[in-house]
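Down below is the structure, laid out as structure tokens.
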């Protein structure tokens with residue numbers, strides 16, 4: 001896992017905002033939580049050989065600074081098997097992005113949207129209940145005003161997922 005984070009705004013004990021670089025301990029905490037976000041502070045402290053109060057204070061600081069935005073769950077393959085996943089790559093007209101993004105946000109099947117620096121402008125992650133639904137969603141996306149072209153890739157299986 002790559003947790004390269006430069007300077008982050010941290011809140012000190014008196015509430016003042018300071019800029020502090022994450023250290024190895026902060027990165028170790030994030031790495032452990034990346035493996036199991038449900039890990040208790042006591043277990044985390046024991047694994048890192050730190051005082052529980054130290055780990056608690058660092059977690060609070062990482063959360064308040066935005067370095068840790070929240071804790072979530074990742075669905076396993078057994079839970080995802082009922083969803084057909086696909087990636088859709090869009091090339092769009094200049095200045096059409098805001099309108100396209102607004103329309104994509106209204107589509108429940110669109111799970112993620114990334115801007116890119118490559119040959120395509122937007123990279124979409126889709127999740128649908130059936131191939132029929134996926135086909136309909138792809139048609140709707142391809143027909144959006146401002147979309148020049150689209151290409152889709154259906155996910156067959158996930159071999160590695162290190163997403164945090």
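The values are calculated or read from the model by the stated rules, or taken from the named source; none is laboratory data. All figures in this text were calculated on a predicted structure; none of them were measured in a lab. All Cβ positions, glycine included, derive from the backbone under ideal geometry; neighbour counts span all protein chains shown.
The residues listed here are 82, 19; of these, the one that is in contact with a strand residue (DSSP E or B) (Cβ under 9 Å, 6 or more places away or on another chain) and either modelled with pLDDT under 95 or within 30 Å of residue 159 (Cα to Cα) (or both) is 19.
Could you grab me the full set of residues in segment 16-54 that are within 23 Å of residue 162 (Cβ to Cβ) and more than 24 Å from the chain's Cα centre (by Cα)? Passing the criteria: 43, 47, 48. Within segment 109-134, the set of residues being surrounded by 11 or more Cβ atoms within 10 Å (Cβ to Cβ) and assigned to a loop (DSSP other than H, G, I, E, B) comprises 109, 116, 120, 121, 129, 130. Could you tell me whether residue 85 is farther than 30 Å from residue 26 by Cβ and touching a residue at least 60 places away in the same chain (Cβ under 8 Å)? Yes; evaluated as a whole, the condition is true for this residue. All told, residue 72 meets the bar of being closer than 17 Å to residue 161 by Cα, surrounded by fewer than 12 Cβ atoms within 10 Å (Cβ to Cβ) and at pLDDT below 90. Only residues that are surrounded by fewer than 16 Cβ atoms within 10 Å (Cβ to Cβ) and closer than 14 Å to residue 126 by Cβ were counted across segment 140-153, and they come to 4. Restricting attention to segment 85-107, the residues that are farther than 15 Å from residue 121 by Cβ and either touching a strand residue (DSSP E or B) at 6+ places or on another chain (Cβ under 6 Å) or at pLDDT below 95 (or both) add up to 2.
Against the criterion of being surrounded by 15 or more Cβ atoms within 10 Å (Cβ to Cβ), in a strand (DSSP E or B) and modelled with pLDDT of 95 or more, residue 137 does not qualify.
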